[in-house]
Amino acid sequence: MLVDARGIPLSLVASAANVHDVKLLEQTLDARVVQPDSEKLKEQHLCADAAYTGEPAQRAISQRGLIAHVRSRKQEQAERDHEPQAKPRRWVVERSHGWFNRFRKLLVRYEKSAASFEALLSLAAALICWRQRIVIYG
């Protein structure tokens, strides 16, 4: 899942439970919703955890015109010790996961087909955007 700074989902990719996130990075970045103001922005940033430190992940991020900010938990802790006002950005994604987990049908996957599960994910994302009063054009 890719979210914006407010936690609004921008892309969703469903896979098996045992697939590492890095293997789905290119699919996730390609599936992101283009916002109307994104053409005006010169720089778009992507904050990620230490799983995306490898060269293939960095190349995939830079090829799509994004500036990568990849930090481990130790680096975030050192930054917080140095600057107490600095807020970690990881919680935004965790909060979005919590919003999706409120939809009980998604919490435990009962759907047998991938298409119906992805449809439920899209419906949940639309409801999250509606609850946050966000309009995203694609």
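Laboratory data are not the source of any read-out in this text; all were calculated from the coordinates shown. Quick caveat, the model's predicted, so the values are computed rather than measured. For neighbour counting, all protein chains shown are included, and Cβ atoms are generated from backbone atoms with ideal geometry for every residue, glycine included.
Cross-link partners of Lys74 among aspartates and glutamates, defined as those whose alpha carbon lies under 16 angstrom from its own and excluding same-chain residues fewer than eight positions apart: Asp49, Glu83. Checking every one of the chymotrypsin sites (Phe, Trp or Tyr not before Pro) in segment 67-132 against DSSP loop status and a limit of 13 other Cβ atoms within 10 Å picks out Tyr110. Between (i) 25, 18, 17; (ii) 32, 15, 12; (iii) 23, 17, 15, which matches semi-axes √(5λ) of the Cα gyration tensor in Å calculated for the structure shown? So the structure-derived entry is (i).
Distance between the modelled labels on Thr53 and Arg6, one decimal in nanometres: 3.4 nm (7 Å Cα→Cβ projection). The GNM of the chain, with springs linking C-alpha atoms under 10 angstrom apart, assigns the highest mean-square fluctuation among Ser72, Ser113, Ser96 to Ser113.
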